[in-house]
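Accompanying notes for the structure given below.
The values are calculated or read from the model by the stated rules, or taken from the named source; none is laboratory data. Fair warning: this is a prediction, and the values are worked out from it, not measured in the lab. All Cβ positions, glycine included, derive from the backbone under ideal geometry; neighbour counts span all protein chains shown.
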Amino acid sequence: MKRGRAEGRTIKPRRNSERVASPAERAQITLTINGTRHTADVEVRKTLADFIREEAGLTGTHLGCEHGVCGACTIHLDGQAVRSCLMFAVQAQGAEITTVESLGTPERLHPLQEAFRDHHGLQCGFCTPGILMSTLAFLRESPHPSDEQIREVLSGNLCRCTGYQGIVAAVRDAARRMRGTA
Amino acid sequence: MGTRYFGERVKRNEDPRLLTGRGTFVDDIRLPGMLHGAVLRSPHAHARLLSLDTSKAKTARGVVAVYTRTDLPEHLQQPLPKLIPHYALIHHKTQYALAPEKVRYVGEPVAFVVAESRYLAEDAAELVEVEYEPLPPVVDLTQAAQPNAPLVHEDMGTNVCAHHTQRVGNVEDAFARAAHVFTERFVMDRGTAAPMECRGIVAQWEPKMRQLTVWDSTQAPIPIRNGLARLLGLPQGGVRVIAPDVGGGFGPKIMMFYPEEILVPCAAMQLGRPVKWIEDRRENFVAMNQEREQIHVAAIAVDSDGRILGVRTNFLYDSGAYIPYGIIVPIVASTTLPGPYKIPNYHCEFKAVFTNKTIVSPYRGAGRPHGVFVMERLMDRVAKELRIDRTEVRRRNLIQPHEFPYEVGLIYQDNAPVIYDSGDYPATLAKALQMIGYDMWPERRARYRREGRYVGLGIACYVEGSGIGPYEGARVTVEPSGKVYAATSVGTQGQGHFTSFAQIVADALTVPVEDVVVVTGDTGAFGWGTGTFASRAAVVAGNAVHLAAQAVREKTLKVAATKLEARVEDLELQDGKVFVRGVPGRTMTLAEIAVAANPLRGTIPEGWEQPGLEASRYFAPPRGTFPNGVHACVLEVDVQTGMIKILKYVVVHDCGRVINPLILDGQIHGGVAQGLGGAFYERLVYDEHGQLLTQTFMDYLLPTAMEVPEIEIGHLETPSPLNPLGVKGAGEAGVIPVAALIAQAIDDALMEFGVRIAEMPLSPNRLLEIIQAARKQPAAAS
C-alpha cells in the first residue's frame, strides 16, 4: 500500500512565540482566503479547516477524516496543497489560502472541473474539492504527467464512489486542456 | 416517442454544483443560533452502567444541555422501532437512543451534550462522570453461539435471535446418491462502508409554525419523517426531513433510527434552537453500522461430470449488539448463493447471533458477496477435484436462456419468490472469457512461471437480486415558466438521479435534459416512498418517473388538442412544442399549455383528470428483477510480501436496458473498488475485549488509486419484462463477486503451493501467513 504520498510536502507552521497556549485560549489572526482578507478572534485550537468553513463560510472544503489521510480538506496555502484539518488556523496567520471556490463557477467551470464532469470523475462529490485542489497543484508542477504519476498523487486522496478510473481519466485530460489554455 | 437521452452518456446535471464547492451536505447547513452536539460513547463492549453524573459537564463553558437516558421522554427511553420484522426473528432486540442500564458495544451512546460549539461540547463530554462495572464481553461469533457464552441480552437466555431455514427439493437424498461430496468452511470478517461523508443531522424547530425540519444524511428521508412524526407526537406534515447532498451511503446510512436521529431533533425542540451533530471519523468507525461477518459450513454434491445435485450451507450471522434491521443480510446471502446455476436440491440454514460489537445492517452487497463467495469457492473445489476446467464446470451447470423465467424455489428479502426474470448467462460468461483471454491462459501462465512470477486468473459469476418493492413514486410538473420539475421519493448519494431521472422526463416531454430539475430526498417535495437501497432506485423510482412523465405527456396533448382545436392523434410533441401535423404555425409551447391547463376562470374539461400539467405516479413491482454478471481478473502475487497486483480486470454485466452508460460504468468501477477493499485490504479488527483496533484510515485501509486497477466493462442488455423501462438495478454489481474472484485468482497463482483461500477479507500479512504455512507442508499441495 502506498499511502499518504501527498503528505510528503511539508509546511512550516508559523509561530508567534514558543509559549505553549492552552487550547481554548484565543488569538486574533488575519489571513487571505481566495483574495479576501479575514480577520478573526479564534480559539488557538480551531483547525484551519473549521476556520475556512465556519468563519469564512466557505463550505466547499470538506472534512472526511480529520486525521490527515482522506485529503477531502485539501486547500492551497501559499500555493502548496495542504490538508487544512492538520493545521490550526493560527498557524496560517498571514497566509494566502485558496479553496475550491476559487476555481470555476457552475456556469463557467475551470478546465480541470470540466474534465471531471466529462469523465464522470465524481459521484457523491464529497471528496471532489480536495481532489481538485490536490491535482491542480500537481498539474502546475507536472504538466505532462504519466498515468502512474497521476495515480500516485491521487493516492493521497480517498474516494469511495468512483474507483478512481474516471478521476485518472479526468486528470489526464485536464493536463492536456490546461497545457492548451496556459 | 423519441429517445434522445435514454441510453446516452449524458453528462451529469449535478456536477457543476458539486465541482465548484456549492453542494449542500448536512454539515454545510448553518442556521442562526445553532448549537452543536457531541455524543459520549461507551468505552466498554459490555458493562453495567452504575452511575452517570452530568453536574460538572452541565456547568462547563458554553454548555446548554446534557442529556442522559432519563432526561428523554418516557417512550424514547424504550428500544427504538423494529424495522423489518420476520417470523424467524424471535428476539427482535433494538437499540436505544441512549444506553439503558447496560452498554452492549464500544461506541454505544451514553450521553448527549449540547453546547455553543462542537469544541466546547466535546470538552464537556469529557466531564461527564460515568461509573461502569465491566462484564465479560462476547466478541467471537462462534463463541457467542455456544450455550455458555456471556449473554448480550440476559432475558433471552441465548445469543441466538433467529434461526431460519429454506429448502428446495430433497438435499439428503441428493447427497446420498452423489458421486462426490465436498465440504468447506468459509470465514468472512467485518468491514465498514466508510462513506467519505460521515453521518450528520441538523434539526430546527419552529414553535409558531409547529414545524420540525431535519437535515439528515440518510438514504431514507421519508421513513425517517414518518417515524419521527410518530415518536415526537407530530403530524407527518409537521415534520420535513431533507437528505440534501449525501456524501456516499452504501447501505448503512439507512437505519431508522440511529440514536442521533432521535437525540438531535429532541434537543432542538426542547431547547428551541437549531442543533447540529456531525459524526467524526473515529465515531463513524464504531457508531455507524457494519457488515460482512459470517461463518459458513457448506457442501456441494455433484455427479461424476460435475453436475450439481445439491448444495447445503449452514451459517452463523453476526448481528452485533442489536438487530433493528432484522435478518435481511443473511436472507440475501442464502438466496443469492445459488447464482446462475441449476441447483435442484438446496438447503440453507442460518442462526443470527448477538455479540458485543457494533450493529450490523446491509452494506453494499448486503449478503450477496457472501453467497457468491461460498458458491464460487465450491465450484472451484469441484473443478479441482474432478479435474474439469473451472469454466467448463460452470458452463455445465448454467441456467440456459430458454429457461427464463427461472424459479429458484426460495423466498427473497421482499418475501416474494426468487424468480430470475431474464438473462443470458452462457453469453455473459463467454464474453468475459473472451475479454480476459482465457483461451491463451495456460500458455501465459506457464510463461509467467518461467519468469519466476506467480500470476493467477480468476473468473466468478453472480446473479444479483435488485429492484425490489414495495413501491416508489414521482411527480412530474411543467410549470407556466416551461421549466419541468420531477420530484421523486428516493434520495441520491452520488448515483446520479438528477441526471438519469431527468433523461427519462426529457425524452417524454422532448425538452433538453438540463431543463429538467429533479428534486430528491426532500419529504417537503414528495412524501411517499421507502428509500435508496437494494439497487432499486433506477428500477422502482425510474419507472415511476417514466409513468408520471408519460402521463404529463398525454395531458399535454389533451390540453393542446382543446386549445388548438385539433384531434390528439393529429398532434406532435417536439422540442417542447406541440404542432398540428401538416398545419405549420399552429403550435403551442409547453409553457403556454401549462398556463392553459390551469385557468383562473372558466371550466376544466372532464377528461383532464386534474388541473395543471402535472401527474404523480407510483410503480410497485411484483417482485425483484435479477441482473447478472461475470468478473474476471489476472493478478500477480508477490510471495515475499503477500502483496497482490491486479494486471487486468474485466466486468461483463447485464442489467437490462441502460439509462446512462456513463453513470452505470461509474457504479461498476466504484463497486469493484469497494469489492477489492473487502477482498484484500479492509478489515475491522476487534480484540478479545471488543475494542475496535482499526479506528483510523491508517489502520483500516481503503483502496487508493494505486490499488484499484483500470476496469474494462462489457455490457449485455437483456431487458427485464417486469417493468416498462426494462431496466434492472446496477448499484451493487461491482462489489458482489470480487472476494470470490480474488480468492480464485490467488489459488491459481499459488497452485503449486496448494494454497486454498477460504476467507475474506485477506490482507498482505494474512496472505503471507497462508503462503508460509502452505510452503511448510508441500505434501498437502495436491
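Scanning segment B:666-682 turns up no residue that is touching a residue at least 40 places away in the same chain (Cβ under 8 Å), over 26 Å from the mean Cα position of the chain (by Cα) and in a loop (DSSP other than H, G, I, E, B).
The residue pairs whose first member lies in segment A:85-101 and is not assigned by TED's automatic domain parsing to the domain that holds A:Leu132, whose second member is aromatic (Phe, Trp, Tyr), and whose beta carbons are closer than 8 Å, counting only pairs six or more residues apart or on different chains, are A:Ala89/A:Phe51; A:Ala92/A:Phe51.
Being in a loop (DSSP other than H, G, I, E, B) and either at pLDDT below 95 or within 22 Å of B:Thr428 (Cβ to Cβ) (or both) is the filter here; which residues of segment B:306-323 pass it? Correct list: B:Gly306, B:Arg307.
Counting only strands (runs of 3 or more DSSP E) that sit completely within segment B:454-507, those holding 1 or more residues that are of a type in the set (A, V, I, L, M, F, W, C) and within 29 Å of B:Val332 (Cβ to Cβ) correspond to B:454-463, B:472-478. Among the residues of segment B:238-256, those identified as away from chain A (no Cβ under 14 Å) and at pLDDT 95 or above are B:Gly238, B:Val239, B:Arg240, B:Val241, B:Ile242.
On the basis of being polar (S, T, N, Q) and buried (at least 24 other Cβ atoms within 10 Å of the Cβ), does B:Gln744 make the cut?
In short, yes.
Considering segment B:592-642, the residues that are touching a Leu at 6+ places or on another chain (Cβ under 6 Å) and in a loop (DSSP other than H, G, I, E, B) include one that is farthest from B:Asp748 (Cα to Cα), namely B:Ala597.
Taken over segment A:33-63, the criterion of being among the aliphatic types (A, V, I, L, M) and within 10 Å of another protein chain (Cβ to nearest Cβ) is satisfied by A:Leu58, A:Leu63. Only a single criterion out of (1) modelled with pLDDT under 95; (2) crowded, with 16+ Cβ neighbours inside 10 Å; (3) more than 30 Å from B:Gly365 (Cβ to Cβ); (4) under 41 Å from the mean Cα position of the chain (by Cα) is not satisfied by B:Glu609, namely (2).
Candidates B:Leu398, B:Leu433: the one that is in contact with a Lys or Arg (Cβ under 9 Å, 6 or more places away or on another chain), more than 13 Å from B:Phe626 (Cα to Cα) and either surrounded by 22 or more Cβ atoms within 10 Å (Cβ to Cβ) or modelled with pLDDT of 95 or more (or both) is B:Leu398. Within segment B:257-292, the set of residues being away from chain A (no Cβ under 14 Å), in a helix (DSSP H, G or I) and not hydrophobic (A, V, I, L, M, F, W, C) comprises B:Pro259, B:Glu260, B:Glu261, B:Pro265, B:Gln270.
Yes/no matrix, rows are residues, columns are (1) in contact with a Leu (Cβ under 8 Å, 6 or more places away or on another chain); (2) at positive phi; (3) within 14 Å of chain A (Cβ to nearest Cβ):
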| site | (1), (2), (3) |
| --- | --- |
| B:Glu133 | yes, no, no |
| B:Arg167 | no, no, no |
| B:Pro195 | no, no, yes |
| B:Ile201 | no, no, no |
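Just so you know, in segment B:526-542 the residues that are in contact with a Lys or Arg (Cβ under 8 Å, 6 or more places away or on another chain) and among the hydrophobic types (A, V, I, L, M, F, W, C) include one that is farthest from B:Val332 (Cα to Cα), and it is B:Phe526. Quick check: anything in segment B:348-369 part of a helix (DSSP H, G or I), closer than 19 Å to B:Val171 by Cα and not aliphatic (A, V, I, L, M)? Within segment B:348-369, none of the residues are part of a helix (DSSP H, G or I), closer than 19 Å to B:Val171 by Cα and not aliphatic (A, V, I, L, M). When you check B:Val110 against the structure, is it in contact with a Lys or Arg (Cβ under 7 Å, 6 or more places away or on another chain) and away from chain A (no Cβ under 14 Å), yes or no? In short, yes. Taking the residues in segment B:686-740 that are away from every other protein chain (no Cβ under 13 Å) and in a strand (DSSP E or B) as candidates, determine which candidate is nearest to the chain's Cα centre (by Cα). Step by step, filter segment B:686-740, then rank; the result is B:Val727. Within segment B:288-303, the set of residues being of a type outside the set (D, E, K, R) and in contact with a helix residue (DSSP H, G or I) (Cβ under 8 Å, 6 or more places away or on another chain) comprises B:Gln294, B:Ile295, B:His296, B:Ala298, B:Ala299, B:Ile300, B:Ala301, B:Val302. Screening B:Ile278, B:Ile295, B:Ile300 for residues that are surrounded by fewer than 24 Cβ atoms within 10 Å (Cβ to Cβ) and touching a Phe, Trp or Tyr at 6+ places or on another chain (Cβ under 9 Å) leaves exactly one candidate, B:Ile295.
B:Ala779 meets each of the listed conditions (1) modelled with pLDDT under 95; (2) not in a helix (DSSP H, G or I) apart from (2). For segment B:218-252, residues that are in a strand (DSSP E or B) and either free of Cβ contacts under 8 Å to residues at least 24 places away in the same chain or not charged (D, E, K, R) (or both) total 3. Could you look through segment B:648-667, keep only residues that are within 8 Å of chain A (Cβ to nearest Cβ) and aliphatic (A, V, I, L, M), and pick out the one that is farthest from B:Asp699 (Cα to Cα)? Out of the qualifying residues, it is B:Leu662.
Count of segment B:19-54 residues, restricted to those that are in contact with a strand residue (DSSP E or B) (Cβ under 7 Å, 6 or more places away or on another chain) and within 14 Å of another protein chain (Cβ to nearest Cβ), is 11. Please work out if B:Thr213 is out of contact with any Cys (no Cβ under 6 Å at 6 or more places or on another chain) and within 14 Å of another protein chain (Cβ to nearest Cβ). The answer is no for B:Thr213.
This table checks each residue for (1) closer than 27 Å to B:Lys11 by Cβ; (2) buried (at least 23 other Cβ atoms within 10 Å of the Cβ); (3) free of Cβ contacts under 8 Å to residues at least 12 places away in the same chain; (4) not polar (S, T, N, Q).
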site	(1), (2), (3), (4)
B:Val517	yes, no, no, yes
B:Phe526	yes, yes, no, yes
B:Val545	yes, yes, no, yes
B:Ala551	no, no, no, yes
B:Gln574	yes, no, no, no
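When restricted to residues that are farther than 22 Å from B:Ala321 by Cα, of a type in the set (D, E, K, R) and surrounded by 13 or more Cβ atoms within 10 Å (Cβ to Cβ), segment B:50-81 contains 4. So which residues in segment B:428-443 are in contact (Cβ under 8 Å) with a residue 60 or more places away in the chain and of a type in the set (D, E, K, R)? B:Lys431 - this is the single residue of segment B:428-443 that is in contact (Cβ under 8 Å) with a residue 60 or more places away in the chain and of a type in the set (D, E, K, R). Is it the case that segment B:122-137 has a residue that's of a type in the set (D, E, K, R), modelled with pLDDT under 95 and either crowded, with 16+ Cβ neighbours inside 10 Å or under 22 Å from B:Phe257 (Cβ atoms) (or both)? No: zero hits. The condition of being out of contact with any His (no Cβ under 9 Å at 6 or more places or on another chain), surrounded by 23 or more Cβ atoms within 10 Å (Cβ to Cβ), farther than 30 Å from B:Glu688 by Cα and among the small types (Gly, Ala, Ser) holds for only one of B:Gly409, B:Gly367, B:Gly339, that being B:Gly339.
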